[in-house]
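Here the structure is laid out as structure tokens; the discussion comes afterwards.
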Amino acid sequence: MAAAAFGGLTPGWMTRAWAASWPQRPLRLVVPYPPGGSSDIIARAISQPLADALGQPVVVDNKPGANGNLGTDFVAKSRDAHTLLLCDTGALAISPSVYKQLPFDPSRDLVGVAMLAYSPHLLVVHPSVPANDLRELVALSHRTALNFAVTAIGSAPHLAGVAVERATGARWQYIPYKGGSQAISDTVAGQTQVLMNGMLATLPHVQSGKLKVLGVSKAARVPLLAQVPTIAEQGVKGFESGTWQGVLMPADTPAPVLERLSRELIAIIRSPQVRERLISQGAEVYTQGPADFKKFFEAERKRWAAVVAQAGVKIE
């Protein structure tokens, strides 16, 4: 039975009987970013429970580069039903609008398996920055040069920063990195002053006092930072952004494999042990199966295409 992907079909020889014996060897869970970011944290939280559920080892493989596109291209071209991609699906939806040429088409070459979690962005600064809210930060940006660390040009945190900059009249220089963990490290070190990044990877540095949080990019305040106002509360009406972690596979993966893997992933992420671990770090368990994942992805792709066009962000 053929499996509909974002755009592809499963070859006829991959039958339901074949899929019943899946997996037949260890699985590779590709994270297309450096270690330490939100996707990497979630990958390592689910890898052992997934191995236990499927009866095969699950190896987390970090393949960073080109804002996640190198690792994503590797998975899109793997076509072996044993290679998975865990990434920020919002960033993946942005890439077709930001990059003039991609070696893959996410809507054609990949299929969503399961959405797992959502983590709002935190707007943070180095503790030495003399600003305690968004208004003060905007005012400071007119008096002092500020470097804004971004996980990569064209990433969701970058475009969120652009949206805040345009809405408030702030002024800052964007400094691109190869991933969230590196952007965090340089902001902690004071080499950059401002950062927007997923709460899951950023909250520990706020709790340790190494970073100062000025706002949360969510409609309502989050319980772990109940005293911190949202960016919408601070004048950017309706503003929301964040990272959405999900698992995808090559488009020709058989439907029975997608269905089984989706069930296992959603059960694992909803399990008390994993759920509580993620919630304690600032992520929300947010699950979707393949059909809803596809609708979400296409909606995000259209939404971000409009933002990218307005901001004029393009990469060769």
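Descriptive notes on the structure:
- Counting residues in the range 258-278 that are surrounded by fewer than 21 Cβ atoms within 10 Å (Cβ to Cβ), modelled with pLDDT under 95 and under 14 Å from residue 199 (Cα atoms) gives one or more.
- Selection status of residue 49, part of a loop (DSSP other than H, G, I, E, B), modelled with pLDDT of 90 or more and either in contact with a helix residue (DSSP H, G or I) (Cβ under 9 Å, 6 or more places away or on another chain) or open to solvent by less than 10 Å² (accessible area, probe 1.4 Å) (or both): no
- Considering residues of the range 188-198 that are out of contact with any His (no Cβ under 7 Å at 6 or more places or on another chain) and crowded, with 24+ Cβ neighbours inside 10 Å only, the residue farthest from residue 283 (Cα to Cα): 192
- Filter result for residue 178 (under 22 Å from residue 279 (Cα atoms), basic (Lys, Arg) and either touching a Pro at 6+ places or on another chain (Cβ under 7 Å) or open to solvent by 20 Å² or more (accessible area, probe 1.4 Å) (or both)): no
- Within the range 20-46, the set of residues being of a type in the set (Ser, Thr, Tyr), touching a residue at least 60 places away in the same chain (Cβ under 8 Å) and part of a loop (DSSP other than H, G, I, E, B) comprises 33 only.
- Summed over the range 121-141, residues that are under 19 Å from the mean Cα position of the chain (by Cα) and either surrounded by fewer than 24 Cβ atoms within 10 Å (Cβ to Cβ) or among the aliphatic types (A, V, I, L, M) (or both) total 3.
- When residue 81 is tested against (1) surrounded by fewer than 24 Cβ atoms within 10 Å (Cβ to Cβ); (2) touching a residue at least 60 places away in the same chain (Cβ under 8 Å); (3) out of contact with any Ser or Thr (no Cβ under 8 Å at 6 or more places or on another chain), just one condition goes unmet, and that condition is (3).
- Residue in the range 202-211 that is in contact with a strand residue (DSSP E or B) (Cβ under 6 Å, 6 or more places away or on another chain) and either open to solvent by 10 Å² or more (accessible area, probe 1.4 Å) or among the basic types (Lys, Arg) (or both) present: yes
- Checking 64, 96, 106 one by one, the residue that is touching a residue at least 60 places away in the same chain (Cβ under 8 Å) and crowded, with 24+ Cβ neighbours inside 10 Å is 106 and no other.
- For the range 68-109, residues that are within 22 Å of residue 181 (Cα to Cα), among the small types (Gly, Ala, Ser) and at pLDDT below 95 total 5.
- Considering 150, 228, the condition of being in contact with a Pro (Cβ under 7 Å, 6 or more places away or on another chain) and either under 29 Å from residue 86 (Cα atoms) or surrounded by fewer than 24 Cβ atoms within 10 Å (Cβ to Cβ) (or both) is satisfied by 150 alone.
- Pick from the range 280-316, criterion within 19 Å of residue 158 (Cα to Cα) and not in a helix (DSSP H, G or I), ranking: most open to solvent (accessible area, probe 1.4 Å): 316
- Considering residues of the range 24-35 that are in contact with a helix residue (DSSP H, G or I) (Cβ under 7 Å, 6 or more places away or on another chain) and open to solvent by 40 Å² or more (accessible area, probe 1.4 Å) only, the residue nearest to residue 250 (Cα to Cα): 33
- When the range 138-192 is filtered for residues that are aromatic (Phe, Trp, Tyr), touching a helix residue (DSSP H, G or I) at 6+ places or on another chain (Cβ under 6 Å) and free of Cβ contacts under 8 Å to residues at least 40 places away in the same chain, the ones remaining, listed by number, are 172, 177.
The values are calculated or read from the model by the stated rules, or taken from the named source; none is laboratory data. Keep in mind that what you see is a predicted model, and the values were worked out from it rather than measured. Glycine also receives a Cβ, built like all others from the backbone with ideal geometry; neighbour counts cover every protein chain displayed. Accessible surface is based on the protein model in full, side chains and every heavy atom, while ligands, DNA and RNA are left aside. Shrake-Rupley method; radii C 1.70, N 1.55, O 1.52, S 1.80 Å.
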